[in-house]
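Single-structure report; data block below.
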Amino acid sequence: MKLISGFALVLGMASAAQAQDLDLDALIAAAKAEPPTTAYAVTGKIVDTAAAFNAKYGLNLTGKKVNEAGQVDLLIRENQAGNVTGSISLASDAAVIVTDLIAKGVVESWVPEDIAPHLAPDARDPLVVVSDPHVWAYNAELGATCPVTNIWQLTDPEWNRRVAMMDPLEKPAYADWFNQLAEHHDAEMAAAYAAHYGKPFEGGSATEAWVKAFAANGPLVADSSGVSDAIGAPGQEKPFFGMLSTAKFRDNHDKGYKLAICAGMKPFAGWLYPGLGVIAKASPAPNTAKLFLHYLLTEEGIAAQSVDGKLPADPRIGLPAEEASGIAAHLQQLMVWNTAASPSDLGRRQDWQDLWMTELKR
């Protein structure tokens with residue numbers, strides 16, 4: 001059984017146009033005439049997904065886990081060398097992909113015409129294959145109610161050195177999240193300040209003020225596993241609060257952790273990061289790449305990621321009932337990423353990282 005949220009349906013029903021025909025048989029035949037190639041992705045599940053794709057279509061695609069910065073580096077170097085082995089990039093650095101690589105002809109976006117009408121307009125150019133929810137989370141072992149209701153609480157003494165998050169210096173999406181808040185949701189950040197402190201926010205950017213105060217309150221910065229450990233591990237007298245991808249909620253099953261989404265937190269319970277799917281412009285296997293993107297936009301192709309709470313771009317798919325975090329019930333509480341603002345995200349990334357590094361109390 002799958003769960004399709006009303007929020008996802010609203011995102012996806014932006015076009016009433018009828019789906020166009022895609023000659024899938026012709027695409028498969030063209031792919032079979034191409035050499036073996038590779039798909040880069042930030043998730044290790046790309047290995048099994050590529051294997052299932054090969055079994056289905058009789059092709060030779062290798063799935064390789066490569067982090068965001070590594071993917072960008074490989075795409076650029078392979079393009080410059082004229083020796084492209086990685087034909088597909090998945091969920092890499094959205095701001096760099098949009099602002100630099102597409103504009104410079106290193107990669108291109110392609111959307112299957114039979115699926116395009118079902119996607120939200122901002123998920124088509126460039127193609128969003130899946131969105132990764134990053135949520136505020138707490139340890140439910142000590143109670144069923146989240147101990148935090150407002151983002152500004154995390155700047156108060158009560159939460160000094162008790163909040164865990166991935167490092168914006170190592171995970172640029174978090175620096176870009178600051179920019180998204182500042183550019184598109186600063187009024188909501190100011191309103192949350194007023195709700196918490198009982199007085200209006202005065203000054204410049206409420207988001208900038210929060211980032212400074214939050215960093216100065218000594219948050220723990222770690223990799224995704226370290227954040228999950230700090231928040232969710234059972235048996236803690238004072239567990240950490242923090243932010244992480246819903247993919248880590250599988251630790252509840254695998255490790256007996258107690259991770260729970262902090263629903264109702266103001267101004268947002270988290271954010272949706274767009275996982276773009278793009279094709280190397282000089283790929284020797286462009287049809288294989290197109291067929292693989294088409295596969296990822298189906299329930300079968302995206303199943304390995306949707307079970308981890310990653311939201312398929314096609315709202316007809318939804319999330320499986322066995323997804324561990326329960327994010328389907330809270331999608332309307334998440335900040336929706338504005339991919340069109342990627343030039344600003346990339347242009348101001350260093351400023352936000354510098355601010356974080358300067359203010360962080362270790």
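The values are calculated or read from the model by the stated rules, or taken from the named source; none is laboratory data. The model shown is predicted, which means the values in this text are computed figures rather than measured ones. Heads up, the Cβs are rebuilt from the backbone with ideal geometry, glycines too, and the neighbour counts pull from every protein chain shown.
What to note about this one:
- Of all residues in region 98-127, those satisfying the criterion of being in contact with a strand residue (DSSP E or B) (Cβ under 8 Å, 6 or more places away or on another chain), over 17 Å from L311 (Cα atoms) and not β-branched (V, I, T) are L101, E108, S109, W110.
- Any hit, region 128-138, residues being assigned to a helix (DSSP H, G or I) and modelled with pLDDT of 95 or more: no
- Subset of region 268-288 (residues that are touching a Leu at 6+ places or on another chain (Cβ under 9 Å) and under 20 Å from S131 (Cα atoms)): F268, A269, G270, W271, L272, G275, L276, G277, V278, I279
- Residue in region 224-241 that is assigned by TED's automatic domain parsing to the domain that holds M189 and assigned to a strand (DSSP E or B) present: yes
- Region 128-168, subset of a type in the set (D, E) and under 23 Å from P274 (Cα atoms), residue surrounded by the fewest Cβ atoms within 10 Å (Cβ to Cβ): D167
- Enumeration of residues in region 247-290 that are touching a strand residue (DSSP E or B) at 6+ places or on another chain (Cβ under 9 Å) and either in a helix (DSSP H, G or I) or polar (S, T, N, Q) (or both): A247, K248, F249, D251, N252, S283, P286, T288, A289, K290
- The residues of region 271-303 that are more than 19 Å from E68 (Cβ to Cβ), among the small types (G, A, S) and within 18 Å of the chain's Cα centre (by Cα), listed by number, are G301, A303.
- In region 200-216, the residues that are part of a loop (DSSP other than H, G, I, E, B) and either more than 17 Å from H185 (Cβ to Cβ) or of a type outside the set (A, V, I, L, M, F, W, C) (or both): P200, E202, G203, G204, S205
- Filter result for R316 (farther than 24 Å from Y174 by Cβ and either touching a residue at least 24 places away in the same chain (Cβ under 8 Å) or touching a strand residue (DSSP E or B) at 6+ places or on another chain (Cβ under 7 Å) (or both)): yes
- Per-region count, region 86-112, residues surrounded by fewer than 19 Cβ atoms within 10 Å (Cβ to Cβ), modelled with pLDDT under 95 and within 26 Å of L24 (Cβ to Cβ): 0
- Residue in region 144-157 that is within 23 Å of the chain's Cα centre (by Cα), of a type outside the set (F, W, Y) and farther than 21 Å from A269 by Cβ present: no
- No other residue among T49, T85, T43 is touching a strand residue (DSSP E or B) at 6+ places or on another chain (Cβ under 9 Å) and under 15 Å from A280 (Cα atoms) apart from T85.
- Taking region 183-202 as the range and being among the small types (G, A, S) and touching a residue at least 40 places away in the same chain (Cβ under 8 Å) as the test, the residues that pass are A191, A192, A195.
- Residue among A19, A14 that alone is under 27 Å from G326 (Cα atoms), in a loop (DSSP other than H, G, I, E, B) and modelled with pLDDT under 95: A14
- Only a single criterion out of (1) buried (at least 20 other Cβ atoms within 10 Å of the Cβ); (2) in contact with a helix residue (DSSP H, G or I) (Cβ under 6 Å, 6 or more places away or on another chain); (3) not assigned by TED's automatic domain parsing to the domain that holds D23 is not satisfied by D308, namely (3).
- From A39, A26, residue being free of Cβ contacts under 8 Å to residues at least 24 places away in the same chain and either buried (at least 18 other Cβ atoms within 10 Å of the Cβ) or not in a strand (DSSP E or B) (or both): A26
- Identity of the residue in region 60-84, of a type outside the set (A, V, I, L, M, F, W, C) and assigned to a helix (DSSP H, G or I), that ends up surrounded by the fewest Cβ atoms within 10 Å (Cβ to Cβ): Q80
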